[in-house]
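Engineer: Sharing a structure, written as structure tokens. Questions coming.
The values are calculated or read from the model by the stated rules, or taken from the named source; none is laboratory data. As the structure is a computational prediction, the values presented were derived from the model and not from experiment. Cβ coordinates were reconstructed from backbone atoms using ideal geometry, including for glycine residues, and neighbour counts include every protein chain displayed. With ligands, DNA and RNA removed, areas are computed over all heavy atoms of the protein, side chains included. Shrake-Rupley method; radii C 1.70, N 1.55, O 1.52, S 1.80 Å.
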Amino acid sequence: MVTPQSAFPLDPLGLGAGFAQYFSGRPLVFRAPGRINLIGEHTDYCDGFVLPAAINRHCLVAVAGNDQAVLRVRALNLETQAEISCTQFVRSGDWRDYVAGVFFALQGAGFPVVGCDLLIASDVPMGAGVSSSAALEVALVQAFLAAAGAATSQSAIASLAREAERAFVGVPCGPMDQFISVHGQAGHALLLDCRNMEARAAAIPAEAAFLVVDSGVKHKLTDGGYAQRRADCEEAARRLGLAALRDADEAMLARAQLPPPLDKRARHVVRENARCLAGVAALEAGDLAGFGALMRQSHESLAHDFAVTCAETDSLAQICAQTPGVFGARQMGGGFGGAVLALVDALAAEAALAQICARYQPPGARTRKALSAPSPMARGRFCHEQRRTAPPPQPVDRGMDAGLAASLAKTLAGGRGGARARKFADP
Ligand code: GLA
């Protein structure tokens, strides 16, 4: 995925310095990454397995309290601004719902909140299935907490961000996107068990690269298709007498003879969970061809059983899969458009992307432009370096209270999982 050169700062210091152009006050700056999901799609809200990795595209939020009951927000990449009331949530149906949603989710959870000025910049592409919204939510949770002098655990940050999306934006999402935005590790995907929130890091082999290719069809999870799929899965589980489809298997499905489309929805989830577990084993064994085969099966299942692909992503996945050096490809994320993820030999990544871009006919001029320059999302450059070697979200305010600085530093430095499974409990 190629993002045009941005006209605004995408580093914490630059954004902090830019704050003075729009607001007074001394800002703190926070950032959170978007994500890819290697395999395990539409399984997270079924208590199943997913294999996401954070990427080197981020949302940054600079924040300073303003002593008023209002959020004054400037969103640089949208070239827009807004004033949002701190006293009542009013749904706008656009990006403002994320800002207000996070604020009111924090308040609802009992955290102190204060009026703030916010400067937002992001290079996580929107509507492309790489979780620009989770990145925004996670950065905002950190920003609002800091502005009010509060702090909490990494796991709580992820849960609060998800609550904003569910309760205020109105997408009944699973836990994957906000979790990986908070817990992502450089060079690794995380196998997450969405039932008990235990995660295990799986190293991405050095010879593997992932390409994210935007189909140009913008997906919008608030449109209802996502909620319908989730409702189908819950209904299928109910008819099977199970807590969630995570507990179903093929034999149960054969016996139960669920009516369409529940039969297909349930089959996708059962098989996708199995593919996710097989996928992590293949990745850890360095079996990229095996992983690629699972990705192709995943796409077929998303197309035929789960019915969340579209003509453009079907065509793009097929083009990717036919390209030399590509092991497999599939539509990624909530679906109904967005991006296709391709696993490719790292040495062939650049050539493969150029060929894919030359063959795929995107629906709009905007996307043609976005795809015009080849961009190998090679390992190392692509697999995001969140807070281990990259500097953590930096308070730009040199005069910040020492106690707050210490508590923030502690929160932001929060533990990272090793190769062992590690529990990430909800608050
Ligand atoms: C969106 C949701 C996630 C997950 C994926 C599909 O990204 O936010 O929780 O359900 O779709 O796997």
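Engineer: At a probe size of 1.4 Å, how large is the accessible area of S215, to the nearest 10 Å²?
Structural biologist: That residue has around 0 Å² of solvent-accessible surface.
Engineer: So, one more: Output wanted: per-residue J couplings in Hz (rounded whole) for region 343-360, from phi through Karplus 6.51 cos²θ - 1.76 cosθ + 1.60, θ = phi - 60°, x for Gly and Pro.
Structural biologist: Couplings: 8, 9, 4, 3, 6, 9, 4, 5, 5, 5, 5, 4, 5, 4, 5, 5, 8, 7 Hz.
Engineer: If you don't mind, there's one more thing I want to ask. Starting at the first residue of region 224-230, write each ³J(HN,Hα) from the Karplus equation 6.51 cos²θ - 1.76 cosθ + 1.60 with θ = phi - 60°, in whole Hz, x for Gly and Pro.
Structural biologist: Couplings: x, x, 5, 4, 5, 5, 5 Hz.
Engineer: While we're here: What nm distance separates the two modelled labels at E198 and R238, each placed 7 Å from Cα along Cα→Cβ?
Structural biologist: 3.1 nm
Engineer: Now for a different question. Can you work out the Karplus-derived ³J(HN,Hα) for every residue in region 81-93? Use 6.51 cos²θ - 1.76 cosθ + 1.60 with θ = phi - 60°, whole Hz, and x for glycine or proline.
Structural biologist: 9, 7, 10, 10, 5, 8, 9, 8, 7, 10, 6, 10, x
Engineer: As a test of reading the structure, rank D232, D94, D223 by solvent-accessible area (1.4 Å probe, protein chains only), most first.
Structural biologist: Per-residue accessible area, sorted high to low, gives D223, D94, D232.
Engineer: Return one whole number: the accessible area per residue of region 183-228 in Å², for a 1.4 Å probe.
Structural biologist: For region 183-228, the solvent-accessible area averages 33 Å² per residue.
Engineer: If a/c stays under 1.5 just call it rounded; otherwise compare a/b with b/c (prolate if a/b is bigger, oblate if not). Do that for region 58-152, with a ≥ b ≥ c from the square roots of the Cα gyration tensor eigenvalues.
Structural biologist: Because a/c hits 1.5 or more and a/b exceeds b/c, region 58-152 counts as prolate.
Engineer: Here's a follow-up. In whole percent, and with a 1.4 Å probe on the protein chains, what portion of the accessible area of region 116-169 is carbon and sulfur?
Structural biologist: 49 percent
Engineer: Which of rounded, prolate or oblate describes region 300-342 when judged by the alpha-carbon gyration tensor and an a/c cut-off of 1.5?
Structural biologist: Prolate shape, in that a/c is at least 1.5 and a/b is the bigger ratio.
Engineer: Using amide H atoms built 1.01 Å from N in the peptide plane, name the residues 5+ places from Q81, or on other chains, whose amide H lies under 5 Å from its own.
Structural biologist: A75
Engineer: With the other protein chains left in place, how much accessible area per residue, in square angstrom, belongs to region 1-72 at a 1.4 angstrom probe?
Structural biologist: 33 Å²
Engineer: I've got another one for you. Name the long-range amide H neighbours of V70: under 5 Å, sequence gap of 5 or more, or other chain; modelled H, no Pro or chain starts.
Structural biologist: Close amide H contacts, sequence-distant or interchain: C86, G115, C116.
Engineer: Around T323, under 15 Å between beta carbons, what's the net of Lys plus Arg minus Asp minus Glu among the other residues?
Structural biologist: Result for the local shell: +1.
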